[in-house]
Amino acid sequence: MARRQDLPAGAVAPLFWLFTLVFAAMVLSRFDGFGGQLPAPAHAAMLWACFPLLLVAGALEGRIDYGEHARRMPLWMAIDSRPVRYTFALALTYLGLVAMQTFEVSLGVVDPRAPAEWPPTQRLLWFLGFSFGMGFANTWRPPGR
């Protein structure tokens, strides 16, 4: 039986698609080819805007009625709504990129910063593969779910 505050996933899907686009733009802003063209206050504003957006998304996600969940897997893997998973995956990717770039962290050969001598298109493809590929673990669901 659905509680009064429960929302069907389809009712909030358009809002989560909007959140997904916003977080995707934030991730792309971390690429030096785009981010270098933005003023420093724009980067600060995006970082500060990320947290209230995450709070709103989290509050809405908590009200979505998914039905019964398989209890043997983490709850985030049981989310049936793609826009919800994409929103949180891109938000975590953005925050991870900010942290990695701010503290100049690289994971061996896995580094969002492509070598400066590469052509711009190759640098962008490297960044896209690293950043959006990093979100794969957050959007993947086990087979059969």
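Taken over the stretch 1-29, residues that are open to solvent by less than 70 Å² (accessible area, probe 1.4 Å) and in contact with a Pro (Cβ under 7 Å, 6 or more places away or on another chain) amount to 3. Out of the residues in the stretch 97-126 meeting the condition of being within 14 Å of residue 34 (Cβ to Cβ) and part of a loop (DSSP other than H, G, I, E, B), tell me which one is most open to solvent (accessible area, probe 1.4 Å). Taking the candidates together, the pick is 113.
Residues that are open to solvent by less than 70 Å² (accessible area, probe 1.4 Å), in a helix (DSSP H, G or I) and hydrophobic (A, V, I, L, M, F, W, C) within the stretch 30-61 comprise 42, 44, 45, 46, 47, 49, 50, 53, 54, 57, 59, 60, listed in sequence order. Within the stretch 19-26, not a single residue is modelled with pLDDT under 90 and under 29 Å from residue 123 (Cα atoms). The condition (being over 17 Å from residue 132 (Cα atoms) and at pLDDT 90 or above) is satisfied by just one residue among 95, 47, 90: 47.
The values are calculated or read from the model by the stated rules, or taken from the named source; none is laboratory data. Everything numeric here is computed off the predicted structure, so don't read it as measured data. Note: ideal-geometry Cβ built from the backbone for every residue, glycine included; neighbour counts use all protein chains shown. What goes into the accessible areas is simple: the full protein's heavy atoms, side chains included, and nothing from ligands, DNA or RNA. Shrake-Rupley method; radii C 1.70, N 1.55, O 1.52, S 1.80 Å.
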